[in-house]
Amino acid sequence: MNFAGSTHIHLSAVLDLRDSSIRVQVPTYKSYNLVGNFYTKRIQHRARGILETSTVFQKSNTKFLVNATSGHPLESEPKAYPNTPWNSAKNALDAFYRFSRPHTVIGTALSIISVSLLAVEKLSDISPLFFIGVLEAVVAALFMNIYIVGLNQLSDVEIDKVNKPYLPLASGEYSTLTGIMIVTSFSITSFWLGWVVGSWPLFWALFVSFVLGTAYSINLPLLRWKRFALVAAMCILAVRAVIVQLAFYLHIQTHVFSRPAVISKPLIFATAFMSFFSVVIALFKDIPDIEGDKIFGIKSYTVRLGQEKVFWTCISLLEMAYGVSILVGATSPYTWSKVITVLGHSVLASILWIRAKSIDLKSKAAITSCYMLIWKLFYAEYFLIPLIR
């Protein structure tokens, strides 16, 4: 640098950012002490700025990587707010939101509403009585859903510390006692609602879901069926494909409308299609969890066969289901039903295929994102099922 006419001063500043230390050497010429001290301070100040910026960037980047790895757009990372009553309530709601596994809650609610519409035969059926019947089923089923996903988290705390560290039990936000209190209260409330409503199809749907959900997760002799890939898949298929379609349809048909049970074409289609979808969900959910499953001895198909083979098996099964759905839609005697269901299933099949071809199977974030896409396709299907005629 040049200043004070043609006088030259050489400053040697060594910044070691890794050790967060700064060494500045200034010439010993007394006449330049003032200038040297001035520039020494400037270099120190700028170095501290670089260090602080680097630290902030590293923290921000780390959080970004954690969010990207979790890959759950319907779930959030734990949020830290200042310690006030209002923010404490926010933290509690955020933790419960993650504990409830919102993608399953949405799927349960949509499936019940969609299947209930299959019992509607005329416009006058859409009445306050119908809405009350649907509300009774949805609330009771959501309470049971939270019991099942909560029990699974209680049984999988150590596994979730590897696979899903953002869940409240795995992260330590919830104690084991808190988890037990939540699942116990929700299961009791679910059964109470089913009993008070007085609908046997609804009560038996809750009871069978409770039995299978408990056997799937709880670590007791002869239970914890999730250890066995085929049995685990059958549990999910039984609940998502059979119980949801048949029991909640019968709840509306026999209890709300007081009509005899009738097995219709849309009901058969819904049960068959969701059988494929349930198997895919059962298989696919283990693909991003392979690391923790290997450590804790969960013999999923992904652990046995590898991620790539299971991934493409899932995609193939869903594409086959969409192909059959297009054929079923094409046989409808109603033009509006034919057009909507054929086009709708064609679009969904195309979205799945395009996304599958672009997935990096070495990336847990990419696989998890694709898994959440399958849940969104699951939601979309329940908008199309009532239109099958």
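What the table below lists for this structure:
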quantity	calculated
Where Pro165 falls short, out of the listed (1) farther than 15 Å from Ile298 by Cα; (2) in a helix (DSSP H, G or I); (3) open to solvent by 20 Å² or more (accessible area, probe 1.4 Å); (4) of a type outside the set (Val, Ile, Thr)	(2)
Members of region 351-389 found to be part of a helix (DSSP H, G or I), open to solvent by 50 Å² or more (accessible area, probe 1.4 Å) and either out of contact with any helix residue (DSSP H, G or I) (no Cβ under 9 Å at 6 or more places or on another chain) or of a type in the set (D, E, K, R) (or both), listed by number	Ile354, Arg355, Lys357, Lys364, Lys376
Qualifying residue in region 327-340 (condition: open to solvent by less than 40 Å² (accessible area, probe 1.4 Å), among the small types (Gly, Ala, Ser) and within 23 Å of Arg227 (Cα to Cα))	no
Subset of region 324-335 [free of Cβ contacts under 8 Å to residues at least 40 places away in the same chain and out of contact with any His (no Cβ under 8 Å at 6 or more places or on another chain)]	Leu327, Ala330, Thr331, Thr335
Those residues of region 270-323 which are free of Cβ contacts under 8 Å to residues at least 40 places away in the same chain and of a type in the set (Ser, Thr, Tyr), in sequence order	Thr271, Ser275, Thr302, Thr313, Ser316, Tyr322
Segments classed as helices (runs of 4 or more DSSP H), wholly inside region 233-305, with at least 2 members that are farther than 29 Å from Val157 by Cβ and open to solvent by 10 Å² or more (accessible area, probe 1.4 Å)	244-250, 265-284
Residue count for region 338-369, restricted to those that are touching a residue at least 40 places away in the same chain (Cβ under 8 Å) and closer than 18 Å to Ala321 by Cβ	4
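Every residue, every condition in (1) among the hydrophobic types (A, V, I, L, M, F, W, C); (2) touching a Phe, Trp or Tyr at 6+ places or on another chain (Cβ under 8 Å); (3) under 30 Å from Ser217 (Cα atoms), yes or no:
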{"position": "His103", "(1), (2), (3)": "no, yes, yes"}
{"position": "Leu110", "(1), (2), (3)": "yes, yes, yes"}
{"position": "Ile126", "(1), (2), (3)": "yes, no, no"}
{"position": "Ala137", "(1), (2), (3)": "yes, yes, yes"}
{"position": "Gly150", "(1), (2), (3)": "no, yes, yes"}
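The values are calculated or read from the model by the stated rules, or taken from the named source; none is laboratory data. Remember, it's a predicted structure, so these values are computed and weren't measured experimentally. In this analysis, Cβ positions are derived from the backbone assuming ideal geometry, glycine residues included, and neighbour counts consider all displayed protein chains. When the accessible area is computed, the model is the full protein with side chains, heavy atoms only, and any ligands, DNA or RNA have been set aside. Shrake-Rupley method; radii C 1.70, N 1.55, O 1.52, S 1.80 Å.
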